[in-house]
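Report on one structure; see the data block that follows.
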Amino acid sequence: MSCQDWQTRLEAYVDAELSPQEREAFLAHAAQCPECATATLALAEAKRAIRRTGRRYLAPAELRSRLLTDLRQTGANKTSEPHQPRLVHWPRQAMAAAALVLLAVGLFFLASQYRRPNSLGEFADLHVANLAGANPVEVVSSDRHTVKPWFQGRVPFTFDLPDLQGSPFTLTGGRVTYFHQEPGAQLIFGYQRHIISAFIFRDTPQLAITPTSFSDRSTSFNLQTWTQNGLRYVLVSDMNATTLGQLAELLQKN
Amino acid sequence: MKAASDRVREFENLALPLLDPLYNFARWLTYDTAEAEDLVQETFAKALRGFDAFTPGTDFRAWMFRILRNTFLTSRTGLQAKLTVPLDPEDEVSATVTWETPEVLALASATREALQDALAALPAAYREVVLLCDVEEMKYAEIAEVLQVPIGTVMSRLARGRKLLREALGGERHFVARKEANKRR
């Protein structure tokens, strides 16, 4: 495919709509073509900007409780139905219905399992987009006693930073970042010439990510995630998983 | 036997995590807090009533968004919005992309307020597609299911909507960059 042909497919790439083969072919092309690579990065940034702006409104708490009340009421009404004789005669149908519900729940969980790596993929996006931005690091310091207090009042939680003396890792700094409207900390570490992002967010159900490590084959980023003291940690880097694991261990020691 | 109330709980487990996204979408459609709340509430009520018609294992999110959108389209604001939406002459034409990198960058670096205004100013037919794709991160096929249109239409509306956004934001501030780009051609 020529460069011009690819130009019409860039948005599809950014929307993750290319087939695996197409994606591979495109990445090979983009490695050779700075024009396509720059355009793709710009399109991805534009998409992120729209996402940030578009995720704007949260449902008011009253609406949530009103809906819950409605649902509970419907549920209670329906529970009384078994008192009606016709249902008593139909245990098999009821069991079939229950089995269907179980199947649906199972399928739903299965589907959500498949979906989870995507949210890890979003962290890879965040890593790239933040580093590509004009201010990749908001607090530039290798001193953990500077970086940690900087986050006071900027993120709604606190965390500990390890002493990196004697380890191959260095602290570069940090910045505030957002994921699904939640403010969080992004710490930037260095390892030789590699850059590692450590994202820290309050652990919310949306962040319940099951695989603890993940290689995004489409972007070849490695990710590791765990929870600790009610916080969700996500490490993203282009380094190998083993070295990334060492940093994870250091962070977990706190 | 509690199958029926289990069914409600099952619905609750599926639907409640979608509350924020649905409400957000409703706000972007209606621009009104009270109306968005009503819309979401009606959507939940309709969806629960029709939950038996939902095929387990298929896309529940697309199903919910479809109900919300259809409910919106039959509301007063929705009917008005429908009237102001231009027909899609380019729906049949495949999405030909006519973007310039500086224009795209202008969008990416626009202030939140500017982008918000530009999104709000988009005709509803384009705004909804852009929101579903970029904000809800739905696949084209999923969006097609929400809107009940062919995938090709989703793609052309998306391309057109994004183009309109870029045009709205590529204003004077980036005039120089665009002029340079034009010179290069």
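The values are calculated or read from the model by the stated rules, or taken from the named source; none is laboratory data. Here the structure is a predicted model, which means the values were calculated and not measured. Cβ atoms come from the backbone with ideal geometry, glycine included; neighbour counts cover every protein chain shown.
The single condition from (1) within 24 Å of A:L41 (Cα to Cα); (2) within 10 Å of chain A (Cβ to nearest Cβ); (3) at pLDDT 90 or above that B:F60 fails is (1). Within segment A:23-38, if we keep just the residues that are within 13 Å of chain B (Cβ to nearest Cβ) and touching a Cys at 6+ places or on another chain (Cβ under 9 Å), the residue that is nearest to A:Q7 (Cα to Cα) turns out to be A:C36. Checking A:F189, A:F151, A:F159 one by one, the residue that is in contact (Cβ under 8 Å) with a residue 24 or more places away in the chain, in contact with a Phe, Trp or Tyr (Cβ under 7 Å, 6 or more places away or on another chain) and buried (at least 17 other Cβ atoms within 10 Å of the Cβ) is A:F189 and no other. Which ones in segment B:99-120 are closer than 26 Å to B:Y31 by Cα and either more than 7 Å from chain A (Cβ to nearest Cβ) or of a type in the set (G, A, S) (or both)? Result: B:A106, B:A108, B:S109, B:A110, B:T111, B:E113, B:A114, B:D117, B:A118, B:A120. Among the residues of segment B:96-155, those that are outside any helix (DSSP H, G or I) and among the charged types (D, E, K, R) comprise B:E100, B:E136, B:E137, B:K139.
For A:A124, indicate whether it is more than 10 Å from chain B (Cβ to nearest Cβ), crowded, with 18+ Cβ neighbours inside 10 Å and at pLDDT 70 or above. Outline the logic, then answer.
On the way: more than 10 Å from chain B (Cβ to nearest Cβ): yes; crowded, with 18+ Cβ neighbours inside 10 Å: yes; at pLDDT 70 or above: yes.
Answer is yes for this residue.
The set of residues from segment A:23-70 being assigned to a loop (DSSP other than H, G, I, E, B), of a type in the set (A, V, I, L, M) and buried (at least 18 other Cβ atoms within 10 Å of the Cβ) comprises just one member, A:A59.
Got at least one residue in segment A:236-244 being out of contact with any helix residue (DSSP H, G or I) (no Cβ under 6 Å at 6 or more places or on another chain) and either within 16 Å of A:D160 (Cβ to Cβ) or modelled with pLDDT under 80 (or both)? Before you say what the answer is, go through the steps one by one.
At the first step, the residues of segment A:236-244 found to be out of contact with any helix residue (DSSP H, G or I) (no Cβ under 6 Å at 6 or more places or on another chain) are A:238-244.
With either within 16 Å of A:D160 (Cβ to Cβ) or modelled with pLDDT under 80 (or both) added as a condition, the list becomes none.
Within segment A:236-244, none of the residues are out of contact with any helix residue (DSSP H, G or I) (no Cβ under 6 Å at 6 or more places or on another chain) and either within 16 Å of A:D160 (Cβ to Cβ) or modelled with pLDDT under 80 (or both).
Residues in segment A:1-22 that are part of a loop (DSSP other than H, G, I, E, B) and either at the interface with chain B (Cβ under 10 Å from one of its Cβ atoms) or under 22 Å from B:E137 (Cβ atoms) (or both): A:T8, A:R9, A:D15, A:A16, A:E17, A:L18, A:S19.
Which residues, counting only those in segment B:21-79, are at negative phi, aromatic (F, W, Y) and assigned to a loop (DSSP other than H, G, I, E, B)?
B:F54
Once segment B:2-49 is narrowed to residues that are facing chain A (nearest Cβ under 9 Å), among the charged types (D, E, K, R) and under 15 Å from A:R66 (Cα atoms), the residue that is surrounded by the most Cβ atoms within 10 Å (Cβ to Cβ) is B:E37. Of the set (1) assigned to a helix (DSSP H, G or I); (2) of a type in the set (K, R); (3) modelled with pLDDT of 80 or more, all apply to A:R116 but (3).
Close Cβ contacts (under 6 Å, 6 or more residues apart or on different chains) running from residues in segment A:6-23 that are without any contact (Cβ under 8 Å) to a residue 24 or more places away in the chain to residues that are buried (at least 18 other Cβ atoms within 10 Å of the Cβ) and small (G, A, S) comprise A:L18/A:A12.
Kindly indicate which of B:E35, B:E42 is out of contact with any Gly (no Cβ under 7 Å at 6 or more places or on another chain), within 22 Å of A:R72 (Cα to Cα) and charged (D, E, K, R). Exactly one residue qualifies, and that residue is B:E42. For A:P168, state whether it is over 18 Å from A:D203 (Cβ atoms) and in contact with a strand residue (DSSP E or B) (Cβ under 7 Å, 6 or more places away or on another chain). Here the answer is yes, as A:P168 does meet what is asked.
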